[in-house]
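Colleague: Mind having a look at this structure? Questions to follow.
The values are calculated or read from the model by the stated rules, or taken from the named source; none is laboratory data. All values reported here derive from a predicted model rather than from experimental measurement. Virtual Cβ from ideal backbone geometry, glycine too; neighbours counted across all protein chains shown. These area figures cover heavy atoms from the full protein model, side chains too; ligands, DNA and RNA do not enter into them. Shrake-Rupley method; radii C 1.70, N 1.55, O 1.52, S 1.80 Å.
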Amino acid sequence: MKIYEKAPAKINLLLDVLRKREDGFHEVEMIMTMVDLADRLEMEELPRDSIMISSQAGYIPLDEKNLAFQAAKLIKDRYDVRKGVYIHLDKKIPVAAGLAGGSSDAAATLRGLNRLWGLGISEAELCVLGAELGSDVPFCVTGGTAIATGRGEKLERISNPPQCWVVLAKPPINVSTADVYGKFRANELKQHPSKANMLNAISHGSFTDICENLGNVLETVTLQLYPEVLQLKESMERLGADGVLMSGSGPTVFGLVSKEAKVSRIYNGLRGYCKEVYVVRMLT
Ligand code: ATP
């Protein structure tokens, strides 16, 4: 039997860092949602007890370093499954882009193997397993729109923002999340984005207020290190996106756009100098 799972990319409408904790992680407050740019995973049981990964993308590890491999190993070990699986990853989400591609693949693997092997694991339990693989994995297990706190693993589901277009642009650089957090200084921050305002905007379904309250404190680090990210933000604003923000630790910048007529102007304007531009919908 073969099964399929979609692994969508996430964007942060808000990303705030409150402090560095004693365990080395940062205490964060994020509002995350999903967009319709997704990897597709195909899973098939193997006659022998092993995990095999393949992908058309030549630039990701296909061994135990792959997050999908780690997710499969974790679920096998924890639930004592003596079966093997072959996972094919059709990568569409750019890698090391701030879109949680690897985390979403891990989450899709947990969901998929739960189905393939009929394990009956609850979503809450899958989230607990996911947290062992990475801070963004629990959110990717549940999807939707959520407030994430702690190191990102504590989730509170909220309503989805109103439907809109999302233009994503990734400059040709790879940004290490660990490096950005390492350079971030919470005590030097002059302003925090307002979580209350963003939640209010989402609960009222106000697209304008959502655009006005987008905020990501990691921009203070990434935009300084990589001026091309700042340049992309400015271009998107100039081309008419209603709200623009860097996703996660970057370098992908997203623009929220309400009117379809504006989208092709923004896409064409960016494509002039940025190779990786995607036009997708918010997943609501
Ligand atoms: P986040 O937003 O959670 O920080 P990201 O989008 O910045 O994540 P990923 O695309 O998840 O970053 O990739 C980060 C690293 O993980 C890359 O260096 C990549 O080699 C490795 N990796 C492991 N498994 C995967 C996978 N299934 N897909 C993509 N990258 C993977």
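Colleague: Check whether at least one residue in the stretch 84-104 is open to solvent by less than 20 Å² (accessible area, probe 1.4 Å), more than 30 Å from SER258 (Cα to Cα) and assigned to a loop (DSSP other than H, G, I, E, B), and report yes or no.
Modeller: no
Colleague: Here's something else I'd like to know. For the condition farther than 19 Å from MET32 by Cα and within 11 Å of the ligand (Cβ to nearest atom), what is the one hit in LEU89, LEU99, LEU74, LEU110?
Modeller: Answer to the check: LEU89.
Colleague: Kindly state which strands (runs of 3 or more DSSP E) lie completely within the stretch 166-281 and contain at least 1 residues that are basic (Lys, Arg).
Modeller: 276-281
Colleague: Just the residues that are within 11 Å of the ligand (Cβ to nearest atom) and aliphatic (A, V, I, L, M), please, taken from the stretch 43-71.
Modeller: ILE53, ALA57, ILE60, LEU62, LEU67, ALA68, ALA71
Colleague: Right, another one. Please find, among VAL28, VAL81, the residue that is hydrophobic (A, V, I, L, M, F, W, C) and outside any loop (DSSP other than H, G, I, E, B).
Modeller: Answer to the selection: VAL28.
Colleague: With respect to SER194, determine if the residue is more than 22 Å from the chain's Cα centre (by Cα) and among the hydroxyl-bearing types (Ser, Thr, Tyr).
Modeller: No.
Colleague: Continuing with this model, one more query. Identify the residue in the stretch 1-54 that is of a type in the set (Gly, Ala, Ser) and open to solvent by 10 Å² or more (accessible area, probe 1.4 Å) and, among all such residues, is farthest from ASN197 (Cα to Cα).
Modeller: Out of the qualifying residues, it is SER50.
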